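Asks: Okay, here's the structure, questions in a sec.
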Amino acid sequence: MKGSAKIRLAAALVVLIPGISLAGQNPSDLQAVIDKAKSEVFPALVFIKPVVADYGSERQGIFGCGVIISPDGLIVTNRHIVNDAIAINCVLYDKRQFEAELIGSDRATDLALLKLPVEAGPYPYADFGNSAELEEGDFVMAFGSPSALQRSINLGIVSNARCYIGFNTEYKYNTWIQTDIAMNPAHSGGPLIDAKGKIVAINTLGLSGSDTGLSIPASMVQDIIQRLKRDGVVIRAYTGLRLQALKDFHSNTFVDSERGVLISGVEGNSPAAEADIRMGDILLKVNNNVVNGTYVEMLPGIWRLLADMPVDEPVSMLLKRGDEIIMVEVTPVYKGRLQVSDFDCKRWNMTVREIDKNETPQLYSQKEKGVYIQDIEQPGNAVYSGLIRRDIILKMDNKTVETVRDVRRIYERTIKNKQREKKVVFEVLRGGLRKYIVLDYHRDYE
């Protein structure tokens, strides 16, 4: 950047970075902030190029980036980048290339956690900052990777520190950091960096037709990372409640209540429906937790409270129904397991799903924890090999299967291995009897 360009940039920003005035007086100070962040974050940036199988062929064109967050090679990125990948190729800043392991991903927040080979470490990494301290007008930098050996920085400010986009979307568990940086695929999965050189968010979405970017706050990212490290999945409770703010300017709906959140709907056959919670009720408390949903920006906290309730254990809810205050008990279930509830084994022409005592009680009575064949395509390799719907999978390729994650790993490994014979031995439980079936997948079916 030439000297005159630095001066114009500093004068145009007219923002305050803690301890640094950027009102056109010291453009070198701005450059120093950028250079420091670049020296600390660039080495931790990773270009991610997944390989996605589509009936035996490899589908190209998907890419993004991520950031290393620990010396042992943990990478945080977006789920939409690595979803359905049979291999996740990563190019580091020092030009080394590795295949990363998918530790887990979460559809509801569009986050994924990867792991580089431990033996190749230690790796350079970036530190998290405090996203709660961000305010409108704060200076930020979006780091990205447009290609394997390239890294990029875009400068901007925070337009909205707590942007809510949960209207009719699944992104309801957090507010977002909105910036005036136009996000593109090169930014997806990359870090949003503050003036201290710390990760304050993960870049995720760009709004079509506008110079606007949306990023997931670091506080949410760190919480999801810990859950994925522990469980490989984010476990959430399900009640069947639909919520709406008391003062909802989006829908021009206003409820005369000083506290609580409006129950805007109750899904049929759900725990909330069984507890006789009704549309129009106002939820005041969950156990001893006071609920405050006056404005839409407060809804993510309530959704997280409900999602973190214990599964299969009764929870007390205090409701206001007209002029009456009532107490009910709701028993949340583990439903809608998002990315791990089912998996489409496309090359084998079948879909698998985890056994659930509420959804499949007959299978649960045979095996409490396991995976069954949910659906089979006709024609297809699975059906022609003798597999049928509701077969409980005990083993695949001589590997024990207990979760959909197990199936996915075995499936991806076999599909990736071009040298092996296109056959896999299944051990299944069918009607209480064990059977061994060889799945032959040498043919392609549209």
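Asks: Which helices (runs of 4 or more DSSP H) sit wholly inside segment 340-446 and have at least 3 residues that are within 24 Å of I103 (Cα to Cα)?
Replies: The helices (runs of 4 or more DSSP H) meeting that bar are 404-416.
Asks: Pairs, please: C-beta under 7 Å, at least 6 apart or cross-chain, first residue under 17 Å from D308 (Cβ atoms) and in segment 171-182, second at pLDDT below 95 and among the polar types (S, T, N, Q)?
Replies: Y173/T109; N174/T109
Asks: Can you pull out every residue in segment 165-187 that is modelled with pLDDT of 90 or more and not charged (D, E, K, R)?
Replies: Across segment 165-187, the qualifying residues are Y173, N174, T175, W176, I177, Q178, T179, I181.
Asks: Can you name every residue in segment 126-137 that is surrounded by fewer than 20 Cβ atoms within 10 Å (Cβ to Cβ) and either closer than 15 Å to V91 by Cα or not aromatic (F, W, Y) (or both)?
Replies: Correct list: D127, N130, A132, E133, E135, E136, G137.
Asks: Do we find that D356 is within 21 Å of V311 (Cβ to Cβ), of a type in the set (D, E) and not assigned by TED's automatic domain parsing to the domain that holds I86 in this structure?
Replies: yes
Asks: Turning to a different aspect of this structure: Would you check if there is a residue in segment 63-74 being modelled with pLDDT under 90 and touching a strand residue (DSSP E or B) at 6+ places or on another chain (Cβ under 9 Å)?
Replies: yes
Asks: Identify the residue in segment 188-202 that is touching a Pro at 6+ places or on another chain (Cβ under 8 Å) and modelled with pLDDT of 95 or more and, among all such residues, is farthest from Y171 (Cα to Cα).
Replies: Looking at the filtered set, the residue picked out is I199.
Asks: Let me ask something additional. Could you identify the single residue in I216, I225 that is at pLDDT 95 or above and in a helix (DSSP H, G or I)?
Replies: I225
Asks: Looking at (1) in contact with a Gly (Cβ under 8 Å, 6 or more places away or on another chain); (2) buried (at least 24 other Cβ atoms within 10 Å of the Cβ); (3) of a type in the set (A, V, I, L, M, F, W, C), find the lone condition where L205 falls short.
Replies: (2)
Asks: What residue, of Y93, Y123, is buried (at least 16 other Cβ atoms within 10 Å of the Cβ), touching a residue at least 60 places away in the same chain (Cβ under 8 Å), among the aromatic types (F, W, Y) and in the same structural domain as F42 (by TED's automatic domain parsing)?
Replies: Y123
Asks: A follow-up question, please. Taking segment 144-175 as the region of interest, how many residues are within 14 Å of W303 (Cα to Cα) and surrounded by 16 or more Cβ atoms within 10 Å (Cβ to Cβ)?
Replies: 8
Asks: Could you list all residues from segment 300-333 that are over 30 Å from K357 (Cβ atoms) and either hydrophobic (A, V, I, L, M, F, W, C) or not assigned by TED's automatic domain parsing to the domain that holds A245 (or both)?
Replies: Listed by number, the list holds a single entry, I325.
Asks: Go through segment 135-183 and give me each residue that's over 22 Å from the mean Cα position of the chain (by Cα) and among the basic types (K, R).
Replies: R151
Asks: Give me the pairs, please: first residue somewhere in segment 63-75 and within 14 Å of P50 (Cα to Cα), second residue anywhere and of a type in the set (K, R), beta-carbon distance under 7 Å, and either six or more positions apart or on two chains.
Replies: F63/K49
Asks: Can I ask one more? Among the residues of segment 310-318, are any within 30 Å of N417 (Cβ to Cβ) and either in contact with a helix residue (DSSP H, G or I) (Cβ under 6 Å, 6 or more places away or on another chain) or of a type in the set (V, I, T) (or both)?
Replies: For segment 310-318, residues within 30 Å of N417 (Cβ to Cβ) and either in contact with a helix residue (DSSP H, G or I) (Cβ under 6 Å, 6 or more places away or on another chain) or of a type in the set (V, I, T) (or both): absent.
The values are calculated or read from the model by the stated rules, or taken from the named source; none is laboratory data. These figures come from a predicted structure and were not determined experimentally. Virtual Cβ from ideal backbone geometry, glycine too; neighbours counted across all protein chains shown.
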